[in-house]
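S.K.: Handing you a structure now.
The values are calculated or read from the model by the stated rules, or taken from the named source; none is laboratory data. As the structure is a computational prediction, the values presented were derived from the model and not from experiment. All Cβ positions, glycine included, derive from the backbone under ideal geometry; neighbour counts span all protein chains shown. Side chains are part of the model used for accessible areas, which takes the heavy atoms of the whole protein and leaves out ligands, DNA and RNA. Shrake-Rupley method; radii C 1.70, N 1.55, O 1.52, S 1.80 Å.
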Amino acid sequence: MTSILIFCRDCGKQVPSSETRDGLCLDCRVRRSVADLRNEHARLWRKRERYRTQNANVEQIGRQIARVEDRMGQRIKEMVSNERRATELLKRELEAARGQRYTIKGV
Ligand SMILES: [Zn+2]
């Protein structure tokens, strides 16, 4: 099976055309599709940090965060048929989401 390689118009990576939609590679499509959830995740995460310093109950926020992470997982699974790949991408998105707080905190 031959597949032409094209450059993703977002990250510039060379990917098989079969993996692209609208000139975007799978990674970039996943990243874009969960962008709003990732922002929501970051917002909740900051809120939890704030509450924690006030010794407030953070249990409920923890559940909200878990729910956002579930939704990210579902959205990725809908886009990625390969289960292993979907898990990898979810892991990456979660790491990025959780890592965001360090960036924000450091400002
Ligand atoms: Zn890309």
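S.K.: In bins 5 Å wide, starting from 0, what share of all Cα pairs of the chain does each bin hold, as a percent?
M.R.: Percent of pairs per bin, in order: 2, 12, 19, 19, 17, 11, 8, 6, 4, 2, 1, 0.
S.K.: Given the DSSP H assignment, sum -39500 (n - 2.57) over each helix run of at least 4 residues in the chain and divide by its residue total; what's the result at 222 nm in deg cm²/dmol, nearest 500?
M.R.: -23000 deg cm²/dmol
S.K.: Label points 7 Å out from Cα along the Cβ direction at ASN57 and ARG21: separation in nm?
M.R.: 4.1 nm
S.K.: Taking all protein chains as present, what is the carbon and sulfur share of the accessible area of the chain, in % to the nearest whole number, probe 1.4 Å? Can you show the working numbers first?
M.R.: Values: 3490 of 7350 Å².
The value for the chain is 47 percent carbon and sulfur by accessible area.
S.K.: Can you give the translational diffusion coefficient of the stretch 1-46 in µm²/s, computed by Stokes-Einstein from the Kirkwood radius over Cα pairs at 25 °C and 0.890 mPa s? Intermediate results must be reported in sequence, preceding the final value.
M.R.: On the way: Rh = 11.7 Å.
This corresponds to a translational diffusion coefficient of 209 µm²/s.
S.K.: So, one more: Placing unit charges on C-beta atoms (Lys and Arg positive, Asp and Glu negative, everything else neutral), compute the dipole magnitude of the chain about its Cα centre in debye, rounded to 20.
M.R.: Working: 25 positive and 15 negative charges, 94 e Å.
Charge dipole, the chain, about its Cα centre: 460 debye, nearest 20.
S.K.: Using the beta-carbon distance between SER33 and LYS13 and R0 = 30 Å, what value does 1/(1 + (r/R0)^6) give for FRET efficiency, to the nearest 0.05? Working shown, then result.
M.R.: Working: r = 17 Å, r/R0 = 0.58.
Rounded to the nearest 0.05, the efficiency is 0.95.
S.K.: Tally Lys and Arg at +1 and Asp and Glu at -1 over the other residues with C-beta under 13 Å from the C-beta of LEU24: what net charge comes out?
M.R.: Working: positive: ARG9, LYS13, ARG21, ARG29, ARG31, ARG32; negative: ASP10, GLU19, ASP22, ASP27.
So the surrounding residues net to +2.
S.K.: Please state the charge dipole magnitude for the stretch 1-41, taken about the Cα centre, from unit charges on C-beta atoms (+1 on K and R, -1 on D and E), reported in debye and rounded to the nearest 20. The partial results should precede the final answer.
M.R.: Values: 7 positive and 6 negative charges, 14 e Å.
So the dipole magnitude of the stretch 1-41 works out to roughly 60 debye.
S.K.: Along the Cα→Cβ direction, 7 angstrom out, place labels at SER81 and ILE6. What is the inter-label distance in nm?
M.R.: 1.8 nm
S.K.: Kindly report the accessible area of the stretch 14-107 per residue (heavy atoms of protein chains, probe 1.4 Å, no ligands, DNA or RNA), in Å². Display every interim value, and only then the final one.
M.R.: Working: 6120 Å² over 94 residues.
I get 65 Å² per residue for this part.
S.K.: Compute the signed sum of charges (Lys and Arg +1, Asp and Glu -1) over the other residues within less than 12 Å, Cβ to Cβ, of ARG84.
M.R.: Details: positive: LYS77, ARG85, LYS91; negative: GLU83, GLU88.
Around ARG84, the charge tally is +1.
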